[in-house]
Amino acid sequence: MMIHAPRTAWQAFGELHCLAKEDTVLSSTFYHAAKHEANFRAAIELLWCFITKAQLLTFKWSIPSDAIFVAAHAVEGNSVNAIPITLAAILAEQLDMDYLPQVVQSNRVGHTKANGWKRLANPALFIGPITPDKHYYLIDDFVGMGGTLANLRGYIEKSGGKVIGGMVLTGKEKSLILRPDTEQIITLRKKYDNAWEQWWIRLFGYSFEFLTAAEAGFLARQTKDAEAVRARILGAMRS
């Protein structure tokens, strides 16, 4: 049986802070080694291309001083993606705040360059110590559909922590707002009936309201009927 990735209600969760445009990051000579070769020196060089002292000062005043940085510490293929870990460590050092490296992704999902079906069907899971009632701030290198960050947030909050925001190096601009709006959920429920949503809940452990905006949009845009969409999701799990 599939292990459910915990998710929590979005409430007033705000827009992710994004450091740089995607094409600028991807064109960096440091990017590939940092992302795919566990090269932490390259990750440091890459990140300091986009982090400024002014940004750090502004950021310092925008979040509680007791916030703890948690990176979406992922394994990509046979290597560790060094960017999220390094970004969290830099922020912690520069802002004199804490970073919690013990929270890590516990499975390999292969999301890099994956399509929407693969991302939906293979959710990231996390393990590690969370202190109840502490404030946590999420860090990742990229946001596409936002599922990894939603699952990391859910893991922390189900463990008693309080997630107050998140930052990515780069990502899809339309994906920086993780919380779906009411109209998206209404549209989904017009396309997929209650029985289909109940199947989704049994498979993933949460209802449509817990999707990210990008995930909800992806499902709503499908032109095939509901049974064909179900088949695509199940097929992506097996691939």
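A few remarks follow.
- The one condition in (1) part of a loop (DSSP other than H, G, I, E, B); (2) in contact with a strand residue (DSSP E or B) (Cβ under 6 Å, 6 or more places away or on another chain); (3) under 29 Å from residue 220 (Cβ atoms) that residue 114 fails to fulfil: (2)
- Residue selected from the stretch 68-92 under the condition open to solvent by 30 Å² or more (accessible area, probe 1.4 Å) and modelled with pLDDT under 95, by the criterion nearest to residue 138 (Cα to Cα): 73
- Residues in the stretch 144-199 that are in a loop (DSSP other than H, G, I, E, B) and among the small types (Gly, Ala, Ser) were compared, and the one that is most open to solvent (accessible area, probe 1.4 Å) is 159.
- Looking at 217, 235, 205, just one residue is touching a residue at least 12 places away in the same chain (Cβ under 8 Å) and on the phi > 0 side of the Ramachandran plot, and that residue is 205.
- Residue within the stretch 18-33 that is under 19 Å from residue 163 (Cα atoms) and in contact with a strand residue (DSSP E or B) (Cβ under 7 Å, 6 or more places away or on another chain) present: yes
- Members of the stretch 93-128 found to be in contact with a Leu (Cβ under 9 Å, 6 or more places away or on another chain) and more than 17 Å from residue 152 (Cβ to Cβ), listed by number: 94, 95, 97, 116, 121
- Within the stretch 84-110, residues that are within 19 Å of residue 19 (Cα to Cα) reach partners that are in a helix (DSSP H, G or I) and not hydrophobic (A, V, I, L, M, F, W, C) with beta carbons closer than 6 Å, at six or more positions or on different chains, in the pairs 95/60.
- Some residue of the stretch 3-11 being in contact with a helix residue (DSSP H, G or I) (Cβ under 8 Å, 6 or more places away or on another chain) and more than 30 Å from residue 204 (Cβ to Cβ): no
- Meets criteria (surrounded by 13 or more Cβ atoms within 10 Å (Cβ to Cβ) and not in a helix (DSSP H, G or I)) for residue 65: no
- Residue, farthest from residue 116 (Cα to Cα), within the stretch 127-136, restricted to residues that are surrounded by fewer than 23 Cβ atoms within 10 Å (Cβ to Cβ) and touching a Phe, Trp or Tyr at 6+ places or on another chain (Cβ under 9 Å): 130
The values are calculated or read from the model by the stated rules, or taken from the named source; none is laboratory data. Computed from a predicted structure; not experimentally measured. No Cβ is skipped: glycine too gets one built from the backbone with ideal geometry, and neighbour counts run over all protein chains shown. Please note that ligands, DNA and RNA were not included when accessible areas were found on the heavy atoms of the full protein model with its side chains. Shrake-Rupley method; radii C 1.70, N 1.55, O 1.52, S 1.80 Å.
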